[in-house]
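Structure first, then comments.
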Amino acid sequence: MPWNTIDTESIINSLTPVEQSILQNIQGFATGLQDKIATTILRVRSKIKAGGNPLDGSNPLTVPDSLAEEVIAIARWRFLSDFPGLKSLKTKEREQASKDAEDMLNEISSNKPNRPRTELPLVPDTAASPVNAVGIARRGRRLETGSFDKIGET
């Protein structure tokens, strides 16, 4: 699966036609929505990178297709939360979808060995990902190949 951008149409299409017409009446809604999408994408990419997964180096605003629904859920919820008058659009299902998406991103960025992985980008970013391994410095002398004279020392 490739990495793609998420645009305002993706969010708008996740709403019903009646809800879309309500949003069309809000002046400058597309600019605010685009800002929410961009900040959500950057946050998702940082979670992907924190989990040791490579990022797409060709465009800093792309996400893996496997996480597109999560990006849409989070951006939609954050955008709708900015408008107190749109309580009818802030359903419990949308709030739960956003929370589930956040949980998925937290799993991706965790240190668990069986954490979910994202698909590889066609053009990987060359910046190093954080490493979840811990290095232990040892001191001392080695008596045998398989043991040390003191625990924690070499």
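The values are calculated or read from the model by the stated rules, or taken from the named source; none is laboratory data. Keep in mind the model is a prediction, meaning the values are calculated, not measured. A quick note on method: Cβ atoms are made from the backbone with ideal geometry, for glycine too, and the neighbour counts reach across all protein chains shown.
Key figures
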item: Condition check for residue 19: assigned to a helix (DSSP H, G or I) and at pLDDT 95 or above; result: no
item: Residue within region 69-85 that is in contact with a helix residue (DSSP H, G or I) (Cβ under 6 Å, 6 or more places away or on another chain), surrounded by 15 or more Cβ atoms within 10 Å (Cβ to Cβ), among the hydrophobic types (A, V, I, L, M, F, W, C) and closer than 23 Å to residue 126 by Cα present; result: no
item: First in region 53-71 and acidic (Asp, Glu) and modelled with pLDDT of 90 or more, second anywhere and in a helix (DSSP H, G or I) and surrounded by 15 or more Cβ atoms within 10 Å (Cβ to Cβ), Cβ under 8 Å, 6 or more apart; result: 69/101; 70/44; 70/101; 70/104; 70/105
item: Selected residue (only one of 102, 93, 107 is in a helix (DSSP H, G or I), modelled with pLDDT of 90 or more, acidic (Asp, Glu) and over 17 Å from the mean Cα position of the chain (by Cα)); result: 93
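Yes or no, residue by residue, for (1) exposed (fewer than 14 other Cβ atoms within 10 Å of the Cβ); (2) closer than 16 Å to residue 94 by Cα:
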residue: 2; (1), (2): yes, no
residue: 6; (1), (2): no, no
residue: 9; (1), (2): yes, no
residue: 16; (1), (2): yes, yes
residue: 21; (1), (2): yes, no
residue: 25; (1), (2): yes, no
residue: 29; (1), (2): no, no
residue: 36; (1), (2): no, yes
residue: 42; (1), (2): yes, no
